[in-house]
Structures are given as structure tokens and as C-alpha cells.
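Contents: one structure, followed by commentary.
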Amino acid sequence: MAKIPDRLNIDKKTDRELYDKIKEEVFLEMPRKGQFLFAMAFGFMYGTKRELGTKDGFFLAKDMGPRDEALINALAVAETGSVAVLSNRARVYQIAEEYAHAGIRLLHDEVTSEEHGSFYKRFERDIFERLEGHM
Amino acid sequence: MKKLRTHQDGIGGGFTKRKLSSTQRDGGTKVRIEKLILHNYRQFKEEEIWFHNTLDNDLHIFVGENGTGKTNVLNAINWCLYGDEPHLSRDSQQLPILNLEAIEETTDGGQQEVGVELYAETGTNAYILFKRVASYRVHGGHAPTHQGTTFEVHATGEQGNTEILSGEEGKSYVDRFVPERIREFFFFDGERLDRYFREATAQNIRHAVFRISQLDLLENEVERKLDTVVRSLEKEAGALNPDIESIRERLYEEKRKHDEIAEQIEKTEAQAAVAKGRIGEYEERLSGLPDVEGLENERKRLKAEKIIKENQRGEKRRLKHLFLLESGTGVMLYPAIVETIRVIEEKENRGEIPPTVDRSLLEKALGEGTCQVCGRDLDDESSAQVKELLERISLSSEIARELVRMEAPLRQLVEQATHFEDDAWRATRDVRAFQEDIDRIDRRLAEIDREVAGYDEEKITEWHRERKEFEGIYAQTQRDLGYLYPEEERAKERVDELQEKLDAEMRKEERAGEIRIRRDFCVAALDVVRKTKQDNMREIRQRIGAKTEDLFFDLTWKSGTFEAVNVESDYNISLIHSMGYECLGSVSAGERELLALSFTLALHDVSGFDSPILIDTPVARISGKHRESFGSVLARVSEEKQTILLFTPAEYSEEISRALDDKASTRYSLKLSSGEKVSNAEVL
């Protein structure tokens with residue numbers, strides 16, 4: 001039986017620096033868990049995931065609440081098209097890590113882009129548009 | 001040693017003896033200055049200034065930059081006649097009276113003289129030469145030391161005989177020209193005209209009337225002497241009777257207290273009048289100007305408020321961003337969430353969840369061939385039933401439990417996404433509310449900047465501060481007077497009461513009979529003197545008021561605007577507008593100065609001294625069209641009396657030049673030499 005991972009990882013080579021760079025402007029005082037989930041959702045929104053190189057623990061799985069677990073589970077179900085994945089926590093976490101790995105780079109590029117308006121203004125607008133499309 | 005050249009027998013070469021009509025005005029003889037000789041006097045090393053009267057107007061003009069000795073012409077006249085220099089500038093106060101070049105040319109220990117000679121024409125062929133000479137010893141590197149001063153008067157009568165007078169006799173001739181105690185109404189700075197009816201008006205007028213009436217002589221010579229006699233007689237009576245002495249001592253103590261309070265009241269009233277005048281002056285200066293101090297305070301308050309609002313907006317913005325981060329995560333994953341919920345619902349509909357049988361338990365029973373609940377061995381039929389059950393349960397109970405756990409949070413996330421728009425709008429509204437406050441503050445700050453743009457904020461703030469200071473002083477004087485007036489009344493009552501007691505006691509004392517008769521006589525005489533003084537003051541005040549009004553209406557360039565000029569019984573002056581209201585406080589600087597000039601000329605008239613008038617910077621505080629009008633008034637004054645005017649070039653504007661050039665008998669330009677130690681008066 002595969003060992004259940006106790007943590008969620010980011011890419012050791014690139015991600016930590018990216019998280020740090022945009023922390024002040026985007027993540028404010030949000031804990032790492034929240035930063036990771038946001039980056040993961042961002043990657044999912046743009047349909048991009050990337051395999052991690054060297055893994056680097058970012059936060060402990062035990063710190064996740066029901067909402068956080070539900071989010072990464074939902075992502076794993078949507079990604080695999082099967083609830084069976086839920087019996088494999090390592091796989092569920094892997095999917096979350098890959099989306100977060102791609103998402104943090106996209107987010108960094110978005111924050112540092114020279115597009116008009118602050119990141120949050122653009123993000124708010126995007127979110128509204130996406131919500132309208134879904135509802 | 002250089003000696004001042006003298007002109008003992010009348011005036012030297014070049015003097016045109018013009019036959020002036022010796023107009024008698026209220027017993028006064030028309031007097032004019034014909035020549036002024038300055039020797040080593042301040043900027044003037046050797047200067048002879050003539051005041052020939054060649055035109056209908058006896059008008060003489062000096063134009064000089066500051067530092068060329070313009071005001072020192074005024075000082076030279078004062079020094080020659082009275083021995084002092086009341087109008088010295090700060091720069092001149094630092095310098096010796098002896099000309100700097102003369103000091104440089106003198107060897108260490110050598111002597112030099114400063115001299116001013118004033119030639120006054122007093123009638124047909126009658127002249128007076130006033131001559132003051134001061135000797136100084138010069139020491140290299142130090143201020144010259146004064147060795148002594150002489151003052152002589154050479155009076156030449158119509159027959160050509162000259163008398164040389166000095167001491168008190170000499171001074172008596174000065175008193176015939178312009179007495180020292182009223183010189184301030186003849187030789188003065190134009191600022192005086194500007195301030196005269198703005199500061200301590202009643203005090204100024206009472207002072208002027210008192211001086212012009214020459215009642216100080218009556219007061220000093222008669223009133224005080226009589227009072228001394230009364231006191232000595234009362235003391236004499238006190239020596240006869242201890243009761244009289246006791247009352248007398250108490251009376252004098254009360255009188256002293258009363259006099260102290262009265263003096264304090266007078267000082268406080270003067271302070272109040274000055275403060276009120278200065279407040280008016282600052283109000284006039286500040287009228288039409290922005291309230292910079294108030295605006296500055298508002299700006300400070302707004303900036304502080306803006307910082308608070310920015311912090312509040314920052315906090316609201318932070319909360320909104322946190323909301324976007326939290327809710328945004330759910331919204332971005334919305335498709336995954338919705339899909340997972342759909343799967344959960346499907347499993348629920350199929351009865352796969354919640355899990356009813358534990359799949360691992362069934363698998364274990366099959367593997368071991370034993371029921372995991374009762375421990376009985378499974379037979380073939382039972383094993384087939386368990387296998388069938390396992391096929392029906394496609395989900396592991398672990399997954400099923402996970403799905404059950406997920407459902408509620410996922411539905412909450414969907415709910416959140418549904419309300420996202422409303423929640424985002426509320427968060428934005430909170431930020432906007434503070435942003436609007438900040439925008440309002442910014443707009444007001446910009447308005448304030450526009451309001452004060454182009455103004456000397458520092459100066460205006462200083463004026464506001466000074467006005468506030470004077471308002472504080474004025475308020476304090478009013479509080480003091482509120483206490484002092486009843487105090488004085490009580491002190492007066494105590495004095496009257498003791499005076500009555502003293503009178504009664506003196507009447508009882510037979511031995512004091514003779515003393516009492518003498519004392520009563522002196523008291524009665526004192527009453528007469530005081531009443532005479534008051535009557536004279538009243539009469540002269542009325543005459544000055546009437547004359548001021550005549551002159552003002554004669555000279556004003558605004559005929560029909562004003563109706564009357566009154567010098568009230570409390571010595572306040574009022575200018576009545578043709579519409580019937582008092583308007584002195586609201587007239588222009590030019591009109592106010594015209595009233596002060598009319599008052600000054602009325603004083604000349606009433607004083608009986610038809611002497612020259614000399615005004616330094618006469619129109620400096622008047623601007624625009626009023627300047628030319630006032631220039632024309634001065635030209636008209638010079639038709640009646642010798643008028644000497646000292647201007648700066650800036651003051652001697654085109655308007656003034658237009659009004660005065662053709663009327664002036666002499667015009668001088670004062671120029672400082674390249675070494676800046678000697679000035680010359682060049683004829684224009």
C-alpha cells in the first residue's frame with residue numbers, strides 16, 4: 001500500500017522564488033496553504049499543469065481543512081474524470097501540485113505584466129466574466 | 001581744525017529776497033524756510049539748499065532713494081531747531097552724525113564740526129538764522145567723541161539790524177517759528193497721516209488739542225502750583241490737630257490710590273485704542289486676502305484626515321483582496337466543483353453513497369472463507385452471495401466517505417460563487433466610500449492651493465497672527481477696564497468722603513481758621529483753573545473740528561460724498577457720509593490721509609503758527625487714482641503755505657509728477673556719491 005504523503009510540494013528550483021516575489025502584492029498575509037490553493041486554481045483556470053522537478057515541501061497536509069480538501073479532491077476528480085482517484089492521496093496531491101506549479105508561474109507573469117490596471121482589478125474582471133459563462 | 005562758515009549778516013549771495021505778504025492768521029506771522037546749509041551733517045558734507053519761491057505755489061520737492069539722506073533733511077531741521085533727530089532710520093542710528101568722509105579726512109585726534117543753518121523768512125526783510133554747531137574729536141577706528149554744541153539765533157529785523165541770541169532767548173525764537181511741543185504737526189513722516197485716524201484717535205486728538213492750546217503751560221505753571229499750596233496748607237492744619245492730620249493722611253493715601261487707578265485707566269485706554277487701531281489696520285490689510293492661517297489650519301486638518309481615510313481605505317482594500325483570494329479560488333475551480341457535485345449526486349441516486357456495506361470487510365470474508373461478523377465458515381452459497389454483493393458495490397467505502405465529506409464544503413463553495421457578485425460589490429462599495437472621502441479632501445486641498453496661490457502666505461499668516469495678538473491685547477484691556485472703572489469710582493467716593501470729613505474737621509478747629517480761608521481760596525482758584533482748561537479745550541476742539549471740516553470739503557476730490565466732519569466731545573473724529581452714516585473706518589487710505597492732513601492744517605490755523613509743513617514720504621501708502629488726487633491737494637496746500645515734500649523715486653510716480661512738477665518752485669534729486677559717504681542735492 002502506497003504511503004500517504006504528509007505534505008504538499010512545490011518545485012524547489014523555481015516556485016519558492018515566485019511565491020516570494022508576488023507575496024507582497026498579491027498574497028498579503030495569506031498562509032502558504034491559501035497561496036498554494038490559489039495558484040492551483042489559477043493553473044486550473046488556464047488549463048495548465050506542469051510536472052514538478054525537485055520537490056520542496058510547502059505546507060503540511062494536516063493543516064488543510066474540509067474546504068481545502070474538497071477543493072483539491074474536486075480538482076482531482078475533474079482531472080481524472082473518476083472518483084477512484086480519491087482513494088489515492090498521493091495522486092490527488094500530485095495533480096494539485098502540478099496545477100499549482102503551472103499556476104504560480106502564470107500568476108507571476110500576470111502580476112508583473114504591464115497590462116493596464118492592477119492585478120486585482122484585472123482578476124476581478126476575469127472572474128466576473130468566467131462566472132457569467134458558467135452560470 | 002575746520003570751522004563752519006558763518007552767515008552772520010543775513011543770507012549769503014544768490015538769495016532772492018521775495019516780498020512775502022506777512023499774512024496774519026490768528027495773530028500768527030507767515031514764516032518760511034529760505035535756505036538750509038548742511039555742513040558735515042550725516043550724508044551731507046557741504047550742502048546749500050535753497051527754497052526760493054518763484055511760483056504761485058510755495059512747493060519744494062526732494063526725490064531720493066533710501067540711504068541718500070532724504071529723511072535726514074527732515075532730521076537736520078529738527079536737529080538745528082531742537083537738538084534731536086526724531087526720524088532717524090535704523091541705518092542712520094548706527095552711524096555718527098559727523099559725515100563719514102569728513103571723519104576719514106581728519107587725522108587721529110583732530111577736530112571736526114557738524115553744523116546746520118536754517119534761514120527763515122519771517123516778514124518783509126525780516127529773517128531769522130538758526131544755527132547749531134557740534135564739535136567732535138576724531139579717533140581712528142572709534143566713534144568721534146562729542147566735544148560740545150552751540151546754538152545761536154541771528155534775528156534780522158526789517159531795519160536790517162541783527163541780534164545774536166543764544167540760550168533761552170534763542171529758544172524763544174524757535175518757539176516763534178515752530179514750538180518744540182507742536183513740531184510734530186509741522187515736520188512729520190507721511191505714515192503719520194496714514195495712522196493718525198486709525199490708532200488711538202481720541203487720544204491723538206486730545207493730545208493735539210492740548211498741545212495746540214498750550215494748556216500745558218496753564219497746567220504746569222498754575223494748576224500744579226496751586227495744588228502744592230493746598231497740600232501744604234492742609235498739612236499745616238494737620239500739625240494743629242491730630243484728627244485733621246489723621247484724616248489728611250488717609251485722604252492723601254486715597255488720593256494717591258485714586259490717581260494710580262486713574263493713571264492705569266488712561267494707560268489701558270491708550271493701549272486699547274492702539275490695539276483697536278492696529279486691529280483695524282490688519283483688517284484692512286487682510287480684507288480681500290485669503291485667511292491663510294485659517295486655510296493653513298484647514299489644510300493641516302484635511303491632510304491628517306486624509307491619512308486616516310487612506311488607512312481606512314487601505315484596510316478595506318486589503319479585506320477586498322482577501323475576499324478575492326478566498327472566493328476567487330472557489331470561483332476558478334467552479335467547473336471542477338460543479339462536476340464533482342454532479343458525480344456525488346449521481347452516486348447518491350444510485351445508492352452508492354452513503355456506503356451501507358464495508359467493501360473491505362466482504363473482501364476479507366471471501367479471502368478467509370469466514371464471516372467477519374459471526375465467525376461462521378462460508379459455504380458455497382454464502383460465498384456466491386458475498387461475491388454478488390461485492391460486484392454491486394463499485395465504490396470503496398473509503399471513497400464514498402470522502403465524497404460524503406466533500407459534499408457540504410463543495411455546496412458551500414457553489415453558494416459562495418453564487419453570491420460572489422453581491423459580496424464583491426459590497427467590498428468595492430466600502431473601498432469607494434473612503435475613496436470618495438479622499439477625493440473630496442483632495443478637491444478641497446486643491447481649492448486651498450488655488451486660493452493662496454500668488455499670495456505671500458508667510459506675510460499674510462504673520463498679519464493674521466499679529467491681528468490675533470492685538471485682539472488678545474484689546475480683549476485684555478477691556479477686561480482690565482471692566483475692573484478699573486468701578487475701582488476708580490469707589491476710590492473717588494472714598495476721596496470725596498474723606499475730603500468732606502477733612503473740611504468738617506478743619507471747620508471745627510478754630511486755630512485752623514486762617515489756614516482754612518487760604519486753603520479754600522486756593523481750592524476755588526484751582527477749580528477756576530481746571531474749568532478754564534476744560535473750557536479752552538472745548539473751544540479749541542470745536543474750532544479745530546470746524547476748520548478741519550472746511551479744509552476737508554475744500555480739498556476733497558469727492559465732492560458730494562461726505563456731509564460732515566465732527567470732532568466729538570470725547571475727542572473722537574467722525575466723517576459722516578452723505579447717506580448719513582459714519583464712514584471713517586471704510587474710506588480709502590487717500591481719503592483718510594486727506595482728513596488727517598485737513599486736521600493737521602486746522603491745527604496750524606488754530607495754533608496761530610503759519611509755519612511750513614514738511615512731509616517725508618507723503619503718498620507712500622496711497623495707491624491708484626487717489627495718489628494723483630492727493631498730489632493735487634498738496635499742490636493746493638502749497639498755495640497757502642510753504643510745503644516741502646520728500647519722496648522716494650518709486651513714490652514720485654508719473655501721477656505725482658503730473659500733479660506737482662509744474663507747481664514746484666524747486667525740485668531736488670538727492671544722489672549718493674560712488675563712495676556712498678556723501679550725498680548731493682542736484683537741482684532737477
- prompt: Distance in nm between label sites at B:Ile265 and A:Ala90, each 7 Å beyond Cα in the beta-carbon direction?
  reply: 11.0
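Convert 25 °C to kelvin, take the viscosity as 0.890 mPa s, use the Kirkwood radius over C-alpha pairs of chain B as Rh, and evaluate the Stokes-Einstein diffusion coefficient in µm²/s, rounded to a whole number. Kindly include the intermediate steps, with their values, before the conclusion.
Details: Rh = 34.3 Å.
Roughly 72 µm²/s, to the nearest whole number.
Would you mind ranking B:Cys522, B:Cys583, B:Cys374 by Cβ crowding within 10 Å, fewest neighbours first?
Values: B:Cys522 20, B:Cys583 17, B:Cys374 6.
Exposure proxy ranking, most exposed first: B:Cys374, B:Cys583, B:Cys522.
Between B:Ala143 and B:Arg231, what length in nm is gained on full extension when 0.36 nm per residue of separation is reduced by their alpha carbon distance? Walk me through the numbers on the way to the answer.
On the way: separation 88, 0.36 × 88 = 31.68 nm, distance 5.00 nm.
Separation in residues times 0.36 nm, less the Cα-Cα distance, equals 26.7 nm.
Beyond a 19 Å Cα-Cα separation, which of these cross-linked pairs lie in this structure: B:Lys131/B:Lys671; B:Lys625/B:Lys671; B:Lys131/B:Lys641; B:Lys70/B:Lys671; B:Lys70/B:Lys677; B:Lys35/B:Lys641?
Values: B:Lys131/B:Lys671 25 Å; B:Lys625/B:Lys671 29 Å; B:Lys131/B:Lys641 23 Å; B:Lys70/B:Lys671 10 Å; B:Lys70/B:Lys677 14 Å; B:Lys35/B:Lys641 16 Å.
Those over the limit are B:Lys131/B:Lys671; B:Lys625/B:Lys671; B:Lys131/B:Lys641.
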- prompt: Just how large is the dipole of the protein assembly as shown about the Cα centre, in debye to the nearest 20, putting +1 at every Lys and Arg Cβ and -1 at every Asp and Glu Cβ?
  reply: 680
- prompt: Cross-link partners among lysines for B:Lys267, C-alpha distance below 23 Å, same-chain residues fewer than 8 apart left out?
  reply: B:Lys255, B:Lys257, B:Lys276, B:Lys468, B:Lys492, B:Lys533
- prompt: Between A:Ala90, A:Tyr19, A:Thr54, whose Cα lies farthest towards the positive end of the dipole of region A:7-134 when Lys and Arg beta carbons carry +1 and Asp and Glu beta carbons carry -1, centred on the Cα centre?
  reply: A:Ala90
message: Using a Cα-Cα cut-off of under 17 Å, which aspartates and glutamates could be cross-linked to A:Lys49, ignoring same-chain neighbours fewer than 8 residues away?
response: A:Asp11, A:Asp15, A:Glu79, A:Glu97, A:Glu98, A:Asp109, A:Glu110
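Given R₀ = 25 Å, FRET efficiency for B:Arg90-B:Gln476 by Cβ-Cβ distance, to 0.05?
Details: r = 30 Å, r/R0 = 1.19.
FRET efficiency, B:Arg90 to B:Gln476: 0.25.
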- prompt: Hey, which lysines would be in cross-link range of B:Lys364, C-alpha to C-alpha under 18 Å, not counting anything within fewer than 8 residues on its own chain?
  reply: B:Lys387
task: Describe numerically, in nm with one decimal, the distance between label points set 7 Å from Cα along Cα→Cβ at B:Glu654 and at B:Arg450.
output: 3.4
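Say R0 is 45 Å: what FRET efficiency, to the nearest 0.05, do A:Leu131 and A:Lys13 get from their beta-carbon distance?
On the way: r = 35 Å, r/R0 = 0.77.
Result of the calculation: an efficiency of 0.80.
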- prompt: In nm, what is the difference between 0.36 nm times the number of residues separating B:Arg426 and B:Asp439 and their Cα-Cα distance?
  reply: 2.7 nm
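Going by the alpha-carbon gyration tensor, a ≥ b ≥ c the square roots of its eigenvalues, is region A:7-134 rounded (a/c under 1.5) or, if a/c is not under 1.5, prolate (a/b greater than b/c) versus oblate? Intermediate results must be reported in sequence, preceding the final value.
Working: a/c = 1.81, a/b = 1.30, b/c = 1.39.
Cα axes put region A:7-134 in the oblate bin.
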- prompt: With labels modelled as points extended 7 Å from the Cα through the Cβ direction, what inter-label distance (nm, one decimal) is found for A:Tyr46 paired with B:His419?
  reply: 3.1
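Per residue of chain B, what 222 nm ellipticity follows from adding -39500 (n - 2.57) for every DSSP H run with n ≥ 4, rounded to the nearest 500? Before the final figure, lay out each step's value.
Working: 18 runs with 389 residues, N = 684.
Roughly -20000 deg cm²/dmol at 222 nm, from the helical runs in chain B.
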field: R0 of 25 Å, Cβ-Cβ distance B:Phe521-B:Lys492: FRET efficiency to nearest 0.05
entry: 0.55
query: How many Cβ atoms of partner chains, on average, are near each residue of B:399-409 if near means within 10 Å of its Cβ?
result: 5
- request: Apply the membrane-span-like helix rule to chain A: whole DSSP H runs, Cα extent along the own long axis of at least 15 Å, mean Kyte-Doolittle hydropathy at least 0.5. List the helices found.
  value: A:32-45
statement: Of the listed pairs A:Lys23/B:Lys309; A:Lys55/B:Lys320; B:Lys45/B:Lys459, those with alpha carbons more than 31 Å apart are A:Lys55/B:Lys320; B:Lys45/B:Lys459
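Here, each number is a calculation from the coordinates, and none is a lab measurement. Owing to the predicted nature of the structure, the values given are computational and were not obtained by experimental measurement. Every residue, glycine as well, gets a Cβ built from its backbone with ideal geometry; the counts of neighbours run over all protein chains shown.
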